[in-house]
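What follows is a set of notes on a single structure, which appears directly below.
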Amino acid sequence: MSDHLERDIDDKENYSVNNSGNRSFENVFQKYASRRDVLAGSMAVAATTFFVTNNAVADDDDSYLWKKRRKRRKLIDFAPVPNSVGEEDNREPTISDDYQFDVIIPWGTPLEPGSAPEYAGDPNTRPSSKEACRQIGIGHDGMWFFADRWNRNRGMLAINHEFGTNPHVLGKSSPESLEDVRLSQAVHGVSIVALERSRRGHKMGNWEVVSSRNSRRITVNTPMEFSGPAADSELLQNPNGNVPLGTVNNCGSGPTPWGTYLTCEENFNGYFGATEGESFNDRRTEEQLRYGFDFDGFGYGWEKFDKRFDLSDDDYINEQNRFGWIVEIDPRDASQKPVKRTAMGRFKHEAVAIAVGAGGRAVAYMGDDQRFDYIYKYVSADNYRQMLKDGVSPLDEGKLYVARFDDDGTGEWLELTIDNPVLAARFSSQAEVVIYARIAADLLGATPMDRPEWTTIGADGYVYCTLTNNSRRETPNAANPEAPNLTGHIIRWKDSRRYTGTTFEWDIFILASSTLGTEQTFGSPDALWADSFGRIFIGTDGGQEFGLQDQLLVIDAKTGESRRMLTGVNSDEITGITITPDQRTMFVNVQHPGNGSPDATNFPAEQDGVTIPRDCTLVITKKDGGIIGS
Ligand code: FEO
Ligand code: CA
Ligand code: CA
């Protein structure tokens, strides 16, 4: 979600509450950093202009082979976008001189050629809700490209449409009819769209939308299935008896090793409101408070015309529990009903990264993006291939854990299980534990973090996680001198027993604050993807220095060297990193350009001061046809 929006919303005192009193990560890190400073002496700070705290690791695996490889070729060698670009108003993206980009699938593009009229950003017209259901949605965020097995120049792009504000989508602050609500709902959700690289055009060929029987839109009105421990829970049934429908605020995502797409429901609470007004807030339950429900939500106003989203309507009393999950979608089968995997817990799921761990288990790492919320992992019960063969989803049977980071650079994964007497004293079943995972994690003593966003599995076996910022940090310390911490950092850890163990060792990969004032300056790291060569790609979401807009950076995980590949347009966010199997085409999203205001930018249209800017996907290639990031 847009950082400024998150801030505005979070500044409402009652938005979400973590009253667990668990020791915050800020506190743990202060202790850990001061101890490490003593142990390590002078750090790599001076050498790299920023803070890469991987000394112990670098020394251990600085092997002969690695040195040889590094001598041969620099991992990241492209011309960076300089800071000075920010001196101009950014109405168009700026990319490294060694790279080029095309724009595809802006909001309003027909899902298939001819499937709907195109909406091109005319402020005087809007698509109908029916048309929008056959167009690409808005709020482009997490995505993954699933190449065809027989034709690598063709495939299905699964892409999340996280959010579009009412002014951006409807041209007004509140819906005035059910049709307005249906349009708002139709532009949210997920698109599965077929792309193919034409043989015409420039050297690499252009990617364009083509027809496919597997193309589909998934919205908050699409039938869904629940599986896992909470599937049959009464807490997921309404007195009204309505069937489960829809997914919303689909933020980050991740592919599974078996070729499906996982989409993550983040700020679902904001789409609910209470028609009874402010009095609702006085009678909220502990669970509603912990998940941030509020009588006027984020101002979408769906509850005024669609009872499912009215927190005051007792007929739909458990509709709210049907959101906050990870949803599995088969991008190669449009007839598949998306499945909400309850074993992975209910919280504000940012994104998910899956490693294949010891014994072939699927291990999923997940952030809960709220100030002072947690990092989770899920481990499948058995070898994922065997489970699939036996007809059991690896995401239905397994264990859910939450992370506790200790002062000494170690940590523990705490299992969220009803077999734990602490949880059995509060909950009656595993279903309740997963539905109220945040409360279960509070009780176990998980470490409150600075807004966990994306995770990724590094080529070095580390799991990396962006902690985007925490504007409510109150206590400055030597390692994090800003109070509040507005720039964020990236943490990483290595689990015991090849991802599957319950203990880990961690350190801080980068403090973004340590890059300020350099050519590598960035803040608010958010989207994250590691390639197989040791590069880490970062998309940012928050104010950047030097007048820079949000950016795409590439970092050498080994040396800490970073380069800026791309900067976006005014008031956007750069997110949703995915790549073709040959690693020569990268797709990256420009989300909420100009925050929807034609005064800020008209991208991707020509700059005319009138056309509504539209979320879109950039197709990035290297001019010399090389590997992306090199
Ligand atoms: Fe949807 Fe936390 O970003
Ligand atoms: Ca994000
Ligand atoms: Ca963010």
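The values are calculated or read from the model by the stated rules, or taken from the named source; none is laboratory data. Quick caveat: nothing in here was measured; it's all calculated off a predicted structure. Glycine also receives a Cβ, built like all others from the backbone with ideal geometry; neighbour counts cover every protein chain displayed.
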Criterion (modelled with pLDDT of 95 or more, away from ligand 3 (no atom under 16 Å from the Cβ) and within 18 Å of the chain's Cα centre (by Cα)) met by exactly one of 260, 275: 260
Scan of the range 396-414 for residues that are buried (at least 16 other Cβ atoms within 10 Å of the Cβ) and either free of Cβ contacts under 8 Å to residues at least 40 places away in the same chain or not in a loop (DSSP other than H, G, I, E, B) (or both), ordered by number: 398, 399, 400, 401, 402, 403, 404, 405, 411, 412, 413, 414
Among the candidates 413, 325, single out the residue that is aromatic (Phe, Trp, Tyr) and in contact with a His (Cβ under 8 Å, 6 or more places away or on another chain). 325
Restricting to the range 150-165, name every residue that is touching a strand residue (DSSP E or B) at 6+ places or on another chain (Cβ under 6 Å) and either surrounded by fewer than 19 Cβ atoms within 10 Å (Cβ to Cβ) or among the charged types (D, E, K, R) (or both). 153, 154, 162
Of all the residues that make up the range 368-380, how many are within 16 Å of ligand 3 (Cβ to nearest atom) and either part of a strand (DSSP E or B) or within 17 Å of residue 497 (Cβ to Cβ) (or both)? 5
For the range 522-532, does any single residue satisfy the condition of being within 16 Å of ligand 1 (Cβ to nearest atom), surrounded by fewer than 22 Cβ atoms within 10 Å (Cβ to Cβ) and not in a strand (DSSP E or B)? no
Kindly establish whether residue 553 is in a strand (DSSP E or B), within 14 Å of ligand 3 (Cβ to nearest atom) and either under 24 Å from residue 590 (Cα atoms) or modelled with pLDDT of 90 or more (or both). no
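Residue-wise test of (1) more than 23 Å from residue 223 (Cα to Cα); (2) within 16 Å of ligand 2 (Cβ to nearest atom); (3) assigned to a strand (DSSP E or B); (4) touching a strand residue (DSSP E or B) at 6+ places or on another chain (Cβ under 8 Å).
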site: 308; (1), (2), (3), (4): no, no, no, yes
site: 321; (1), (2), (3), (4): no, no, no, no
site: 346; (1), (2), (3), (4): no, no, no, no
site: 366; (1), (2), (3), (4): yes, yes, yes, yes
site: 382; (1), (2), (3), (4): yes, no, yes, yes
site: 385; (1), (2), (3), (4): yes, no, no, no
site: 388; (1), (2), (3), (4): yes, no, no, no
site: 394; (1), (2), (3), (4): no, no, no, yes
Scope the range 288-306; condition touching a helix residue (DSSP H, G or I) at 6+ places or on another chain (Cβ under 7 Å) and assigned to a helix (DSSP H, G or I); matching residues: 290, 302, 303
Would you call residue 107 within 30 Å of residue 349 (Cα to Cα) and touching a Pro at 6+ places or on another chain (Cβ under 6 Å)? no
Does the range 524-539 hold any residues that are small (Gly, Ala, Ser), within 16 Å of ligand 3 (Cβ to nearest atom) and in contact with an Asp or Glu (Cβ under 7 Å, 6 or more places away or on another chain), and which are they? 524, 539
How many residues are in contact (Cβ under 8 Å) with a residue 24 or more places away in the chain and not in a loop (DSSP other than H, G, I, E, B) if we restrict to the range 415-432? 4
Is there any pair with a first residue in the range 320-333 that is within 21 Å of residue 350 (Cβ to Cβ) and a second that is among the charged types (D, E, K, R) and assigned to a loop (DSSP other than H, G, I, E, B) whose Cβ atoms are under 7 Å apart and which are 6 or more apart or on different chains, and what are they? 324/346; 324/348; 325/346
So if I check each of 460, 408, which one is touching a Gly at 6+ places or on another chain (Cβ under 7 Å) and either of a type in the set (D, E, K, R) or within 16 Å of ligand 3 (Cβ to nearest atom) (or both)? 460
Any chance the range 209-219 includes a residue that's within 16 Å of ligand 1 (Cβ to nearest atom), in a strand (DSSP E or B), at pLDDT 95 or above and not acidic (Asp, Glu)? no
Among the residues of the range 122-135, what is the count of those that are touching a Gly at 6+ places or on another chain (Cβ under 7 Å), assigned to a loop (DSSP other than H, G, I, E, B) and within 16 Å of residue 604 (Cβ to Cβ)? 1
Report the residue count in the range 238-253 for those that are at positive phi and either within 16 Å of ligand 1 (Cβ to nearest atom) or of a type in the set (A, V, I, L, M) (or both). 1
Under 6 Å by Cβ, and 6 or more places apart or on different chains, what pairs join a residue from the range 153-181 that is more than 19 Å from residue 329 (Cα to Cα) and touching a residue at least 12 places away in the same chain (Cβ under 8 Å) with one that is among the aromatic types (Phe, Trp, Tyr) and away from ligand 2 (no atom under 16 Å from the Cβ)? 178/305; 181/302; 181/305
Is it true that residue 196 is more than 22 Å from the chain's Cα centre (by Cα), surrounded by fewer than 19 Cβ atoms within 10 Å (Cβ to Cβ) and in a helix (DSSP H, G or I)? no
Which of (1) modelled with pLDDT under 95; (2) part of a loop (DSSP other than H, G, I, E, B) is the odd one out, the single condition residue 510 does not satisfy? (2)
Out of all the residues in the range 513-521, is one or more within 16 Å of ligand 3 (Cβ to nearest atom) and buried (at least 22 other Cβ atoms within 10 Å of the Cβ)? no
Is there a residue in the range 275-296 that is within 27 Å of residue 452 (Cβ to Cβ), of a type outside the set (A, V, I, L, M), in contact with a strand residue (DSSP E or B) (Cβ under 6 Å, 6 or more places away or on another chain) and away from ligand 1 (no atom under 16 Å from the Cβ)? yes
